[in-house]
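Every number here is computed from the coordinates shown, using simple stated rules; none is lab data. Note that the coordinates shown come from a computational prediction; the quantities given were computed from them, not determined experimentally. Here the Cβ positions follow ideal geometry from the backbone for every residue, glycine too, while neighbour counts run over all protein chains shown.
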Amino acid sequence: MHRSSWIALGLVALAIAGGFWLVSRHYRKQPVAFEASTRSEVLALPSNPTAGPIWDSAVTLVHLGDFQGAAKLFAKGGSQSAADAAWPQAEAECWAASGLPDSALSALERCLLIAPLSAQALATRRTCRLGVGFTMASTGQPWKGRQLGQAVLQDFPGDSEATLLLGYSQAMDGNSGSAETLLGRLVQEHPGVLQAYPILVQCAFWRGDAEAAKHWINELTARDPSSMGISAFRQKLQAMQSNHAGVASHDLRIVCQLTCPFGLESEVMESAQTAWNFLASQIGSQPTLPVNILIGGHAVAPEWAAASFDGQVHLPLEAASDPSRRETILRHELTHAFLAAVGAGHVPLWLNEGLAQYYQGARCTKLPNAASADWLDSLETRKTFLDLDEERAELAYNYSLAVSQELMELHTSTTLAKYLENLQNGLNEPEAFQKAFGDDYPHLSARIRARL
Ligand SMILES: [Zn+2]
């Protein structure tokens with residue numbers, strides 16, 4: 001019931017990575033402002049109080065366009081004059097000019113140990129963070145892309161490219177609702193950020209929202225008529241619109257993907273709406289965009305999983321047809337939909353799965369293996385439980401429930417709402433958690449583990 005959602009996320013991320021890769025490739029042309037043929041005056045080097053023959057040789061290499069060679073010389077000089085930040089800064093500029101933003105960022109780290117960064121160094125760090133961030137986000141590490149986007153926004157509040165990176169990372173992480181909110185706001189303020197539109201189209205497709213997809217395709221066509229992919233988007237939209245429309249309310253859309261017994265969509269709608277209202281009262285806020293529930297259809301989840309959430313809820317026909325299981329399952333999967341939307345995509349895996357189980361009605365009273373399993377204290381940073389063996393994965397899910405249950409028993413739902421609000425306001429997750437619950441995960445975990 002739970003593991004599947006993360007498998008599905010991975011699959012979908014892979015499936016759309018191809019489409020989004022264009023975005024990052026398009027983007028990466030910009031940060032690398034220095035082509036190999038660029039003259040050295042474009043690459044402004046800092047003035048250097050400890051200059052000497054090494055510095056001069058490095059500058060000569062810069063003039064020749066050998067930025068990598070220059071970077072290595074600047075690094076050598078820097079190791080001999082450890083108190084002069086000009087060396088690592090010049091090194092960083094050269095790595096950036098060579099198209100190696102990773103190396104530039106580590107040189108800037110060394111720079112920062114000596115002195116605060118100059119305005120130029122800050123600008124270089126921004127460019128490199130964006131470059132690395134887009135690459136990370138499109139190669140399976142969207143959370144790293146997100147961290148880098150947030151780091152840029154700390155230096156440059158309101159930076160539109162950093163916001164684009166955040167939205168892109170959210171989309172690649174499977175949080176299409178959060179991505180749409182972020183990017184929708186971005187294009188409202190900066191309609192010229194063209195790379196945002198294809199992502200918005202993809203996210204709308206992903207949520208199964210034909211209306212939204214059509215809107216963003218039209219926006220994209222109006223602003224960037226030559227954009228690749230418009231005709232493919234239109235074809236996909238057409239296919240989507242010719243599908244059976246299902247049953248819709250303000251909050252939900254239920255669609256049978258294969259043949260369903262007559263009236264099943266309405267029955268599922270009733271259960272889903274009950275689950276929705278329950279969650280809205282417990283969590284204190286709800287997604288602003290409607291959530292799709294797809295009955296039957298292709299199996300995105302392994303056989304044993306009851307259902308999954310990957311931006312849309314996938315509900316197997318057997319589960320949908322069983323009134324006694326249906327609502328429990330929907331409470332679980334819709335919790336994921338709620339947390340993805342109202343937690344700005346930042347709710348960690350353990351709390352996500354813990355709350356989904358808690359709201360489905362599961363409770364945990366004892367876990368015989370927890371006390372000796374100190375690896376549970378590091379569950380906080382896990383992005384997946386799939387790399388654990390089956391026994392450990394089972395324990396990870398149960399333990400996530402135990403910790404979430406403890407939180408919900410010690411606090412009110414107002415505290416949870418406060419935590420989610422902190423996340424929406426851009427606080428980083430540990431800080432949002434600490435401010436709302438007055439505790440941190442490792443401490444909480446150690447305490448619970450000792451007791452179970
Ligand atoms: Zn789950």
Problem set entry | Cβ-isolated cysteines (cut-off 4.7 Å), the chain | Cys94, Cys111, Cys128, Cys203, Cys364
Exercise. Extension gain Leu112-Arg223, at 0.36 nm per residue separation less the Cα-Cα distance, in nm?
Worked result: 35.9 nm
Seminar exercise, completed: Scoring the range 349-451 by relative contact order with C-alpha pairs under 8 Å, at least six apart, yields a percentage of 36 percent
Exercise. So, counting K/R as plus one and D/E as minus one, what does the shell of residues with Cβ under 12 Å around Leu289 add up to?
Worked result: -2
Exercise. If you place +1 on the Cβ of every Lys and Arg, -1 on the Cβ of every Asp and Glu, and leave all else neutral, what size is the dipole of the chain about its Cα centre, to the nearest 20 Debye?
Worked result: 440 debye
For this session: May I ask you to derive the relative contact order of the range 247-339, considering only C-alpha pairs under 8 Å and at least 6 residues apart, and to give it as an integer percent?
Result: 31 percent
For this session: Work out the charge dipole of the range 349-451 with +1 on the Cβ of Lys and Arg and -1 on the Cβ of Asp and Glu about the Cα centre, then indicate which of Thr365, Thr381, Ser445 is farthest towards its positive end.
Result: Thr365
Problem set entry | Per-residue Cβ neighbour rank within 10 angstrom, fewest leading, Ile254, Ile283 | Ile283, Ile254
Exercise. Can you tell which of Ala436, Ala204, Ala82 lies farthest toward the positive end of the dipole of the chain, using +1 and -1 charges on the Cβ of basic and acidic side chains (Lys, Arg; Asp, Glu)?
Worked result: Ala82
Exercise. What residues qualify as long-range amide H neighbours of Ser308, i.e. H under 5 Å apart, gap of 5 or more or another chain, H built at 1.01 Å from N?
Worked result: His314
Exercise. According to the square roots a ≥ b ≥ c of the eigenvalues of the Cα gyration tensor, what is the shape class of the range 171-302, taking rounded for a/c under 1.5, prolate for a/b larger than b/c otherwise, and oblate for the remainder?
Worked result: oblate
For this session: Would you mind ranking Val152, Val59 by Cβ crowding within 10 Å, fewest neighbours first?
Result: Val59, Val152
Exercise. Assigning unit charges at the beta carbon (Lys, Arg +1; Asp, Glu -1) and nothing else, what dipole magnitude in debye, to the nearest 20, does the range 247-339 show about its Cα centre?
Worked result: 160 debye
Problem set entry | Sorted by Cβ neighbour density within 10 Å, fewest at the top, the residues Ser160, Ser79 | Ser79, Ser160
For this session: Please label the shape of the range 358-452 as rounded, prolate or oblate, based on the square roots a ≥ b ≥ c of the eigenvalues of the alpha-carbon gyration tensor (a/c under 1.5 means rounded; beyond that, a/b larger than b/c means prolate, else oblate).
Result: prolate
Seminar exercise, completed: By the C-alpha gyration tensor axes a ≥ b ≥ c (rounded if a/c is under 1.5, else prolate when a/b exceeds b/c, else oblate), the shape of the chain is oblate
Seminar exercise, completed: In this structure, the FRET efficiency calculated for Thr412 and Ala232 from their beta-carbon separation, with R0 = 51 Å, to the nearest 0.05, is 0.60
Exercise. Pairs Lys383/Lys435; Lys214/Lys383; Lys144/Lys366; Lys144/Lys418; Lys72/Lys144: which exceed 29 Å Cα-Cα?
Worked result: Lys214/Lys383; Lys144/Lys366
Problem set entry | 222 nm mean residue ellipticity, helices alone, for the chain (DSSP H n ≥ 4; -39,500 (n - 2.57); rounded to 500) | -20500 deg cm²/dmol
Seminar exercise, completed: Amide H contacts under 5 Å for Leu252, restricted to residues at least 5 apart in sequence or on another chain and with H modeled in the peptide plane, are Val291
Exercise. Longest exposed-loop-site-free stretch of the chain, with GluC sites (Glu not before Pro), DSSP loop and at most 12 other Cβ within 10 Å?
Worked result: 42-302
